[in-house]
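Just below is one structure, and these are the notes that go with it.
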């Protein structure tokens, strides 16, 4: 059983060397909040409405012969969406990395708990076998 504890300690030291000392930085918390906002239906709906309004307004301005601020093929809109994607991608990855580390720690804690439970069950089983042997000896 001690072999399992040493294996767990080795895994912890490899995976989390220095990570336990790192506290939640403001950037990490901001990344989590941005990721939760970007992954919501509210964001998708608001962005879709803004895009539809942007395109509709530019098409309407062209149709009434007024110079549109971003005529078809909507180069400014594409630039803004590319800019958004360039910054949200790394932010989402930072948040996923933090969640991955937290999940790994939880898995190791569960493994430790399971190993302790297994050890306790083996002790209970051996105690019950001793009691059963005593009962058989008394009869």
If 54, 41 are placed from fewest to most neighbouring beta carbons inside 10 Å, the sequence is 41, 54
The extension gain from residue 64 to residue 121, computed as 0.36 nm times the residue separation minus the Cα-Cα distance, is 12.4 nm
For segment 25-138, alpha-carbon Rg over 2.2 N^0.38 Å: 2.26
R0 of 22 Å, Cβ-Cβ distance residue 103-residue 40: FRET efficiency to nearest 0.05: 0.55
Here, residue 129 and residue 84, labelled 7 Å along Cα→Cβ, have an inter-label distance in nm of 6.6
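Values quoted throughout were computed directly from the atomic coordinates according to the rules given, and no laboratory measurement underlies them. Keep in mind the model is a prediction, meaning the values are calculated, not measured. All Cβ positions, even for glycine, are placed from backbone atoms using ideal geometry, and neighbour counts span all protein chains on display.
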